[in-house]
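Colleague: Pasting in a structure now, in structure tokens, and then I'll have a few things to ask.
The values are calculated or read from the model by the stated rules, or taken from the named source; none is laboratory data. From a predicted model like this one, the values you see are computed outputs, not experimental measurements. Virtual Cβ from ideal backbone geometry, glycine too; neighbours counted across all protein chains shown. These area figures cover heavy atoms from the full protein model, side chains too; ligands, DNA and RNA do not enter into them. Shrake-Rupley method; radii C 1.70, N 1.55, O 1.52, S 1.80 Å.
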Amino acid sequence: PQRIYYLSLEFYMGRTLQNTMVNLGLQNVCDEAIYQLGLDLEELEEIEEDAGLGNGGLGRLAACFLDSMATLGLAAYGYGIRYEFGIFNQKIVDGWQVEEADDWLRYGNPWEKARPEYMLPVHFYGRVDHTPEGVKWIDTQVVLAMPYDTPVPGYKNNTVNTMRLWSAKAPNDFNLQEFNVGDYIEAVLDRNLAENISRVLYPNDNFFEGKELRLKQEYFVVAATLQDIIRRFKSSKFGCRDPVRTCFETFPDKVAIQLNDTHPALSIPELMRILVDVEKVDWDKAWEITKRTCAYTNHTVLPEALERWPVSMFEKLLPRHLEIIYALNQMHLDRVAALYPGDIDRLRRMSVIEEGDCKRINMAHLCVIGSHAVNGVARIHSDIVKNSVFKDFYELEPEKFQNKTNGITPRRWLLLCNPGLADVIAEKIGEGFITDLSQLKKLLEFINNETFIRDVAKVKQENKLKFAAYLEEQYKVKINPSSMFDVQVKRIHEYKRQLLNCLHAITLYNRIRSDPSKSFVPRTIMIGGKAAPGYHMAKMIIKLITSIGEVINNDPYVGDRLKVIFLENYRVSLAEKVIPAADLSQQISTAGTEASGTGNMKFMVNGALTIGTMDGANVEMAEEAGEENLFIFGMRVEDVEALDRQGYNAQEYYERLPELRQAIDQISSGFFSPRDPGCFRDVVNMLMYHDRFKVFADYEAYIKCQGRVDQLFMDPREWTKKVIRNIACSGKFSSDRTITEYAQEIWGVEPSATKIPPPNLPRD
């Protein structure tokens, strides 16, 4: 069969024990067995460390995709890096984020198996020698890549795929070559320099930091993986075992490489290098093969997130790849120049090399020219990709550009994390929805069924009580379980607008203070997420949230009508607890900035209602469920563009909206930071004078929309009916549907629902 290789620098897997039991159909039998040993399975599950080898959406998407590819019976491999330290653990000290190393391998990892027999060399530095026999990359430094395999079981289909993560090892002669005679101890200690490559995950989400170690990581995973792919291709019966060399004509028919963002973009020049320099394939033929093999998924349109590597760094680290990129770019620009004679500006815009004070390589442009398919991750995002980010490339080759709206695995995000809801659903429509989430549509018949309405509401209440107990036990915070659980959990970023949420909390607080006797819908506002350690504004946002909580939660006039809780160390295992307990899901990015979002889908399938902008997959969620069944507010992409042309003036909103002015003045005056009144001046200054994400422009609509949320929450029956309609319409957002589309429209393979026979039965 054709093999699919999903290349990603992040796999945000979370815990594995319960997922393995669910997919093997062993949960109940294990539960019983453990119980008979006098142990509690849930207590055991809490001991496992998360595999936090990702930052957020992109890394978690890769994990969901692995689950779906196995469940759909695809011959797929996930390839990445076995980071010794994953995403940092977040501690909150005095209201500030403090990072702690995530030593997740401290007690070993029972799910992985080292495969030293497949260890491979990866080359760095050196120089290029052009000889009559061809091009040679020589005098390189070698680092070894040691593979560790983790099984990826499909859901009850006896398929088990592999995630292979590479770890860096120094070769035994490292730094002990002739020039280093004498200092044996120093040389052995220097092995760390090589092994640092797989030491730590870079903790940036949607932000590019051009560090040499990061570029080494990117090449390390690519070089090891491509050798592995080619070894497997040659040893299988396809590579018509020619005595001299394998013919690579059939390579794209047997191998599909999916690039998860531009991080593994070096696959393109690396595959060219292997085909041309090593396998002696003709250049044009090699380029054909490379393009037919690779496909690229774009994950963001934010300019600060795009990878642009300095040419000088490449020159030093990967000299041969730089030559190849120059040659590919020349070929590409010659084609553009022939089609658009005299259009010099178009050549500049479309070049892989950006000229300027520091010449840079635009990795996204490299991916677009080197792939046969380019996709965005939600319809609105794919449109933006075609009409602005890669507009020139779309005009050149429109057939390349596709949409693949993201999805989530219903195994982890419904069955595993919300068994109560899964049971109530299965009772009504059977278990088919677990592998065909579109079957949730059948729930529409029961929208007015009183017992079903009651059962759905009951499950939500139980989840809320359970989460409230967890919060009290872990963080000593007492919350009102009958209040609305209003949740925003995601990485802290200006574009995600946690600040808008803060302004609503302050506005609510001021309304309670100004009329304490009035009845208010009680709310527990929970905000969680990590800030990149170098992202000052994001860290200030966390401090603001905790400071607001400090004031509101200790004000006797408020009581338990309003609480603001910062959820510490948000991660996959915490998401599995908080999402099933949420009533309201906040998805409030500025229209046109969140490529898709996937948390939004998890909340939808778990029975929360969404308050959100028309951004990312929210647009398609509203389309599926009906816009009237979500709380949609604020500017659309067109409005944001119009406001940009007109010029966004925050001052205008500040002066026109008294509640907004009051909130900003309180933040500004030190009302929430009495010990350090100037604490939040950077935040206020940003909001007033250089807010790229236009928080104030959506404030009024947001507050009004939150009023509609309160109204509906006061009518539990109508609220629950909307919840049921949302769940029933969430089927599109399964990663099984997403992967089926990748398989058919990009990889050229057909998913199969057939169960292979278990290992204890003979195969046909």
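Colleague: State the percentage of accessible surface on segment 419-730 attributable to carbon and sulfur atoms; use a 1.4 Å probe and exclude ligands, DNA and RNA. List each step's numbers first, then the result.
Modeller: On the way: 5780 of 11640 Å².
Solvent-exposed carbon and sulfur of segment 419-730 make up 50 percent of the total.
Colleague: Work out how much length ILE185 to ARG349 would gain on full extension: take 0.36 nm times their residue separation and subtract the Cα-Cα distance, in nm to one decimal.
Modeller: Length gained, ILE185 through ARG349: 53.9 nm.
Colleague: Please compute the length gained on full extension between GLU100 and LYS458, using 0.36 nm multiplied by the number of residues separating them and subtracting their Cα-Cα distance.
Modeller: Stretched fully, the GLU100-LYS458 segment lengthens by 125.0 nm.
Colleague: Percent relative contact order of the chain, based on C-alpha pairs within less than 8 angstrom and at least six residues apart?
Modeller: After rounding, I find 14 percent.
Colleague: Ranked highest first by the average count of other Cβ atoms within 10 Å around their residues, in what order do 356-368, 588-600 fall?
Modeller: Order by mean packing, descending: 588-600, 356-368.
Colleague: In Å², what does the accessible area per residue of segment 419-730 work out to with a 1.4 Å probe?
Modeller: 37
Colleague: Moving to a separate point now. For q = 0.06, 0.08, 0.11 Å⁻¹, what log10 I(q)/I(0) does the chain give under the Debye formula with an equal point scatterer on each alpha carbon and no solvent?
Modeller: Taking Cα atoms of the chain as identical point scatterers yields -0.39, -0.69, -1.29.
Colleague: So with the 1.4 Å probe, I'd like the accessible area per residue for segment 1-107, rounded to whole Å².
Modeller: Result: 40 Å² per residue.
Colleague: Placing +1 at every Lys and Arg Cβ and -1 at every Asp and Glu Cβ, with all other atoms neutral, what dipole size does the chain have around its Cα centre, in debye to the nearest 20?
Modeller: Its charge dipole is roughly 760 debye.
Colleague: Sticking with this structure for a sec: Using the Kirkwood radius built from alpha carbon pairs, what does the Stokes-Einstein equation give as D for segment 419-730 at 10 °C and 1.306 mPa s, in µm² per second?
Modeller: For the chosen part, D equals 79 µm²/s.
Colleague: Here's another thing I want to ask about it. Report the Cα centroid-to-centroid distance between segment 457-472 and segment 155-219 in angstrom, as an integer.
Modeller: For segment 457-472 versus segment 155-219, the Cα centre distance is 43 Å.
Colleague: State the Cα centre-to-centre distance between segment 710-748 and segment 322-357 in whole Å.
Modeller: Comparing the Cα centres of segment 710-748 and segment 322-357, I get a distance of 43 Å.
Colleague: Report, to the nearest whole %, how much of the accessible area of segment 290-366 belongs to carbon and sulfur atoms, 1.4 Å probe, protein only.
Modeller: Whole-percent figure for carbon plus sulfur exposure: 54.
Colleague: For segment 226-382, what does the accessible surface come to per residue with a 1.4 Å probe? Please give it in Å².
Modeller: Using a 1.4 Å probe on heavy atoms only, each residue of segment 226-382 averages 37 Å².
Colleague: Please give, to one decimal in nm, the separation of the simple spin-label points placed at THR250 and ASN554, each 7 Å out from Cα toward the Cβ.
Modeller: 7.3
Colleague: Next question. Which pairs in the list LYS428/LYS721; LYS404/LYS496; LYS476/LYS563 are over 19 Å apart, alpha-carbon to alpha-carbon?
Modeller: Long pairs (Cα-Cα over 19 Å): LYS404/LYS496.
Colleague: Could you tell me which of the pairs LYS441/LYS704; LYS530/LYS602; LYS113/LYS169; LYS441/LYS530 are separated by over 24 angstrom between their Cα atoms in the structure shown?
Modeller: From LYS441/LYS704; LYS530/LYS602; LYS113/LYS169; LYS441/LYS530, over 24 Å: LYS441/LYS704; LYS441/LYS530.
Colleague: Of the listed peptides 57-70, 341-354, 515-528, what is their order by residue-averaged count of other C-beta atoms within 10 Å, with the highest listed first?
Modeller: Final packing ranking: 57-70, 515-528, 341-354.
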